Structures are given as structure tokens and as C-alpha cells.
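Here the structure comes first, spelled out in C-alpha cells, and everything after it is commentary.
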Amino acid sequence: MRPGSGGVGPDGVGVVSRRRLIGGAGAAGAAGLVLGAAGGAGVSAATREEAPTALASVGSTEAMFHGKHQAGITTPLQARGHLLAFDLAPGAGRTEAAALLRRWSAVAARLTAGEPAEGGRGHDTGVALDAGPSSLTVTFGFGRTFFARTGLTDRRPAALDPLPAFSSDRLDARRSDGDLWIQIGADDALVAFHALRTLQKEAGSTARVRWQMNGFNRTPGATARPMTARNLMGQVDGTNNPRPSEEDFEKRIFVPSDETSESSWMAGGSYAVVRRIRMLLDDWEELTVERQEQVIGRRKRDGAPLSGGSETTAMDLDKAGPDGRLLIPANAHARISSPEKNGGAAMLRRPFSYHDGISDDGTPDAGLLFVCWQADPFKGFIPVQRKLDRGDALSPFVRHEASGLFAVPGGAGTGEYVGQRLLES
């Protein structure tokens, strides 16, 4: 399990509104606070006049659909996410798949611009009326089985070979893989759902949903300053992500242009590994904070390595304490997953948390919808996960329950659709 990073600055207008609300509560006394907790309608009426009349920064932010790369890969983490896979219907092939991707791309371009989905199959539902784009992104990918179903096996890249089995896997085939994959992210739950519902309807009779997973992250502006996100274990999550400012970022994350290979259509694209990772929170929360930090190799309060410094300080993997023991234990998650211990292997981790209620055994069905991006999963995810599989201190507290690997082509230009270079070649 290796998380991602994200977050934007807080919304100053919202801060002012909260301060006014707190001041009003102080004047009204404790009785007013109790009333507010019990009667949501009363609170709404009391604060409506103080709401901003224009779109807040969270709602007005737009992620461009067209470009060299698809959005949703380097886009900062969004507050709400949906992951879903489709299988092509019996009898649907390359022609039908191309028509579907054309429809999906056209609708996604409108929705990410904050426009209604009119012009597709049926009228716009109105779910996202009055909302801005809210950083909505829609990202499309192809699973290994897609190529056989569309007669394009000779164009299937070697990087889509099946992932190896890992000892921590408890995979549910019904929630794994798929012909087509979509990642939806937005900073507003209704905007994200609107995109989800619209794309499902656009599939029509061409494809049916194989599985769907819903996730969330901290809302931008919820903290006093921009911070790396935390996961459901309470750990700062995503510190060691490669950054776009690094010289080799593009080479690590995106497929280079190669006109001679069978996968030249993937130029500017990336490979997404998707894993539903259950966190065994009841067991984890029994540990002391000190023991949790030993498992991870970082301080819980600020994400700093146990070798010292701040969150962004490089780990000193050789530093020992007065007793001669390594400050970052030999089996700590941060040590084993670090690029230094994996021949420089790296991936861009960009997950969502999830909580699907309580399981039959009374434990929380919660964890991480892990999504990582790399130019080649055999040089990114796979070697790191193999290393973790052999002795990661975190392994007893997580369980991998679903898995998928998808080829995510480069972005579409204006007037094009995602995957056009593959489907019309």
C-alpha cells in the first residue's frame, strides 16, 4: 500500500463564515449549539445570508479534458472519487467500442468544463446544476481483455501482461479487471456522481458495469495550510511521491513516443494499477502510536522519518539509535517501499480512501482504493510489491481484495476521442 499526495490552499471566504458562525454561537450560549446540532434546517437558514454569492475556489477550478496526457493522473487529489470497470456486451467489437469512446469523450469534455451533458443519451439529470467544474476529471483506460474482444490483440502492449500473484492477495474476481476502466474525481460529491451516472447511461447496450468502487479524500481547504493527505490509519500518506518538477518524472510516469512498436498508440499515456486494499483497522488501532510509527517508519503526527527531520527530509536508512538499532526498522513499510531499496523503482500513488460499512464479522469494511501510475508496471509497482510481499511490517494489517491493470492512453486533442489512435489505426 503506497498512497498519493494532493491538496490546495484553503478558501478564505469559508473561514470568515465559520468565524462569524462561532461568534454567533458564543452570543447565543450553549442552548444555541445544542439546537444547531439537532436541527440542521435551522443552521442552514441562519447561515444562508453569509454564503458567498459567487463560486468558491473549490467549485470554480477546472481541469482541462484535452491535452497531451489525460487529466486525473497528475491532478491534485480530489475529495470524491469513483472507480468503475465495464465489460463489452456480447457481440460488441471494435466499431462499437470506438463509438462508445467517442460518446464518452464528448460528454466528459462538457462535464469537466462545468457544462451540462445535453447532447448525449437522454437529457441532463440536473444533479450538478448550480455547481462549477469542481476539478472534475474523467480518465479512461483499457484492460487486457479489451484487445481480444475488439480484434486488436496484436496491438496489446507487453506491459499489460497479468500481474503476478502475491501472498497478501485475497482477490475477488468479480471486483477485479475489466475491458474498460474509468476513474472519476471531483471536489464535490454531486459533481462526481453526476459524471458517474451520465457515463453509465452513455454506455447504453455497448457495455455493462463489471464493478464500481467509491472513495473519498480530505476536502481541499479543510486544513489551515496545504498538507499531504492522511489515510484511514491516520498516517500522512504520499510523502515520497515523485514530483512533476523532477527531471525524470515524465520518463517514470508516462510512456515515451515510439512509432515502431505495437504500443505506439500509448505515447503520452500511463499504466494504472488499481488495488482495493482492506485495512484491518480494529487490529491497527490496538497498537500504540509508537508501535504504529515503527511499522510505517515515520512519525504519525507530521510524517517525518524516524531518522529525524521534517516530512520532506530524506530518510537516513543507516542511522541507528544509542542502542545500536536502526531508527527506521528493517521491515518498516517506508524503508521497504523506498526507491533506494528497489533499484530506483517508483510510481505516482494517487489513491482514494473508502468505507463500505461493516462486514458480517463486525469489522469495518474500509481501506484504500490504491491507484498508482507508471510508464511500465514491471519497473514500478511489481518489483516494489514483491519486496513488500516478502516482509513488510504493514502486511498483517492490510488485505488486497481486488486488482486491475489498465493501459491509459495519452490525452485526446480537440475534436478527438480517447483511444482514437488505437481504435482507428
Is it true that R218 is touching a residue at least 40 places away in the same chain (Cβ under 8 Å), assigned to a strand (DSSP E or B) and in contact with a Lys or Arg (Cβ under 9 Å, 6 or more places away or on another chain)?
-> no
Filtered residues of region 352-378 (kept if open to solvent by 10 Å² or more (accessible area, probe 1.4 Å), touching a Pro at 6+ places or on another chain (Cβ under 8 Å) and in contact (Cβ under 8 Å) with a residue 12 or more places away in the chain) | H355, A375
Evaluate the following for R349: is it touching a helix residue (DSSP H, G or I) at 6+ places or on another chain (Cβ under 7 Å), of a type outside the set (F, W, Y) and either surrounded by 15 or more Cβ atoms within 10 Å (Cβ to Cβ) or more than 27 Å from A186 (Cα to Cα) (or both)?
-> no
Region 343-366: number of residues that are part of a loop (DSSP other than H, G, I, E, B) and farther than 18 Å from N240 by Cα | 5
Hey, N214 open to solvent by 50 Å² or more (accessible area, probe 1.4 Å) and closer than 30 Å to D360 by Cα or not = yes
Identity of the residue in region 77-105, touching an Asp or Glu at 6+ places or on another chain (Cβ under 9 Å) and within 20 Å of A128 (Cβ to Cβ), that ends up surrounded by the fewest Cβ atoms within 10 Å (Cβ to Cβ) = R103
Answer yes or no as to whether M233 is closer than 21 Å to L348 by Cβ, surrounded by fewer than 21 Cβ atoms within 10 Å (Cβ to Cβ) and aliphatic (A, V, I, L, M).
-> no
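Yes/no matrix, rows are residues, columns are (1) over 20 Å from T74 (Cα atoms); (2) not in a loop (DSSP other than H, G, I, E, B):
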| site | (1), (2) |
| --- | --- |
| I184 | no, yes |
| H194 | yes, yes |
| K201 | yes, yes |
| G204 | yes, no |
| V209 | yes, yes |
Just one listed residue, out of T228, T239, is open to solvent by 20 Å² or more (accessible area, probe 1.4 Å), in a loop (DSSP other than H, G, I, E, B), out of contact with any Phe, Trp or Tyr (no Cβ under 8 Å at 6 or more places or on another chain) and among the hydroxyl-bearing types (S, T, Y), and it is T228
Within region 256-269, is even one residue over 24 Å from L423 (Cα atoms) and either aliphatic (A, V, I, L, M) or assigned to a loop (DSSP other than H, G, I, E, B) (or both)?
-> no
Taking the condition within 30 Å of L100 (Cα to Cα) and without any contact (Cβ under 8 Å) to a residue 60 or more places away in the chain, does E250 pass?
-> yes
Subset of region 401-425 [crowded, with 23+ Cβ neighbours inside 10 Å and either part of a strand (DSSP E or B) or at pLDDT below 95 (or both)] | A402, G404, L405, F406, A407, V408
Taking the stated definitions as given, is P305 open to solvent by 60 Å² or more (accessible area, probe 1.4 Å) and modelled with pLDDT of 95 or more?
-> no
For L287, which of the numbered conditions (1) free of Cβ contacts under 8 Å to residues at least 40 places away in the same chain; (2) in a helix (DSSP H, G or I); (3) aliphatic (A, V, I, L, M) fails to hold?
-> (2)
If you go through region 109-150, how many residues are open to solvent by 30 Å² or more (accessible area, probe 1.4 Å) and either within 23 Å of S57 (Cα to Cα) or in contact with a Leu (Cβ under 6 Å, 6 or more places away or on another chain) (or both)?
-> 11
Only one of (1) at pLDDT below 95; (2) within 29 Å of A98 (Cα to Cα) fails for S245. Which number is that?
-> (2)
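The values are calculated or read from the model by the stated rules, or taken from the named source; none is laboratory data. Quantities reported herein were computed from a predicted structural model and do not represent experimental measurements. Neighbour counts are summed over all protein chains in view; Cβ atoms, including those assigned to glycine, are modelled from backbone coordinates with ideal geometry. Side chains are part of the model used for accessible areas, which takes the heavy atoms of the whole protein and leaves out ligands, DNA and RNA. Shrake-Rupley method; radii C 1.70, N 1.55, O 1.52, S 1.80 Å.
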